[in-house]
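Notes follow the structure.
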Amino acid sequence: MSARRDPRTRAWVWWGVGLLAVGIALGAALLLPGADPTVFDLWWEGILSGTPDGPALAVSLFMDLVGGGRYATLWIPLSLVAVLLAARRPWGAGYLVVALLASAALVQVLKHVLGRARPEDILVIADVGSFPSGHVANAATVTIALWIILPRWWTATLAGCWIALMAFARTYVSAHWLTDTLGGALIGSGVALLVAAAFARGLSVERRVHRTPGRADARR
């Protein structure tokens, strides 16, 4: 079956468009009078009320470090690309790079267009614009891309757990509202799926090659 006829490709397009549409609509809804912060933001803020401390704070500060700055934009992507190239997955490496660049660009556009204010008493250094969460968007893009490249139960579990942990961490240090993290997850996942559709043929070939290495070696 060719990559163009692969039902996953069409699913990636529809899910990608749908997630992006919901994420952007959520951001637009926050511009309505009286909508910011939402009842969900206030509810979650009430749950996390109190002075952050202990293991949860340590984990949140660690997630702030690895989820942004040079770690998220340079060291971690370069390491993953190096691993994928070493594993003879150049299409996967290229897909990851393009997905991360597209996700980061869209996040910055939305941040500047929407200009949502961050919560008070933020405990970490952050840039302008609260919606969507760049940390969560990056986490979603990376982990969903890895699941696309290597579709296994454990990569899917890793994606869900890492995105959820990053979302918790960003709200725990008051860097974002809950809806910011939801928007980040939607935007990052949507971009990863749409870019996957554009790379579908190459990714499909790589999956077949690694699934049947004997046949691939025989063709050389």
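The values are calculated or read from the model by the stated rules, or taken from the named source; none is laboratory data. This one's a predicted model, so the numbers in the text were calculated from it and none came from an experiment. Cβ sites come from the backbone with ideal geometry, for glycine too, and all protein chains shown count toward neighbours. For accessibility, only protein heavy atoms count, side chains too; no ligands or nucleic acids. Shrake-Rupley method; radii C 1.70, N 1.55, O 1.52, S 1.80 Å.
With R₀ fixed at 22 Å, the C-beta to C-beta distance from VAL205 to VAL98 puts the FRET efficiency at about 0.85.
Residue separation times 0.36 nm, minus the C-alpha to C-alpha distance between VAL128 and ALA28: what's the value?
Full extension of this stretch gives 34.3 nm more.
Relative to the current alpha-carbon distance between SER79 and VAL17, full extension at 0.36 nm per residue lengthens the span by 19.4 nm. The mean sequence distance of close C-alpha pairs (under 8 Å, at least 6 residues apart), as a share of the length of the chain, puts its relative contact order at 33 percent. Within the P(r) computed for the chain, what percentage of the Cα pairs occupies the region above 23 Å? Of the Cα pairs, 48 percent sit more than 23 Å apart. Taken about its Cα centre, segment 119-220 carries a charge dipole of roughly 1040 debye when the Cβ of each Lys and Arg holds +1 and the Cβ of each Asp and Glu holds -1. Ligands, DNA and RNA are left out, and with a 1.4 angstrom probe the accessible area of the chain is 54 Å² per residue. Compute the helix-to-body angle for 54-66: its Cα long axis versus the longest principal axis of the chain, expressed 0 to 90° and rounded to tens. Approximately 50 degrees, to the nearest ten. Surface composition of segment 77-206: carbon plus sulfur atoms contribute 74% of the solvent-accessible area (1.4 Å probe, protein chains only, all chains present).
Angle of helix 134-149 to the longest C-alpha principal axis of the chain, folded into 0 to 90 degrees and rounded to 10: 20°. Its Cα gyration tensor gives segment 138-186 an equivalent ellipsoid; the semi-axes, largest first and in whole Å, are 22, 10, 7. Distance from the C-alpha centroid of segment 111-158 to that of segment 59-81: 11 Å, rounded to the whole angstrom. Kirkwood radius and radius of gyration were both taken over the C-alpha atoms of segment 79-201, and their ratio Rg/Rh is 1.01.
Would you calculate the convex hull of the Cα atoms in segment 88-148 and tell me its volume per residue in Å³? Could the numbers behind the result be given before it?
Numbers: hull volume 5.3 nm³, N = 61.
Cα convex hull per residue, to the nearest whole number: 87 Å³.
When all alpha carbon pairs of segment 1-97 are counted in 5 Å bins from zero, the resulting P(r) reads 2, 9, 9, 10, 14, 18, 15, 11, 7, 4, 1, 0 %. Where only DSSP H runs of four or more residues are counted, the chain gives -23500 deg cm²/dmol as its mean residue ellipticity at 222 nm, each run worth -39500 (n - 2.57). Please identify, among ALA86, ALA192, ALA137, the residue showing maximal mean-square fluctuation in a Gaussian network model of the chain using a 10 angstrom Cα cutoff. Result for the chain, Cα springs under 10 Å: ALA86 fluctuates most. A Gaussian network model of the chain, with springs between Cα atoms under 10 Å, assigns the largest mean-square fluctuation among ARG208, ARG89, ARG116 to ARG208. For the peptides 107-114, 40-47, the ranking by packing is 107-114, 40-47, with the highest mean count of neighbouring Cβ atoms within 10 Å listed first.
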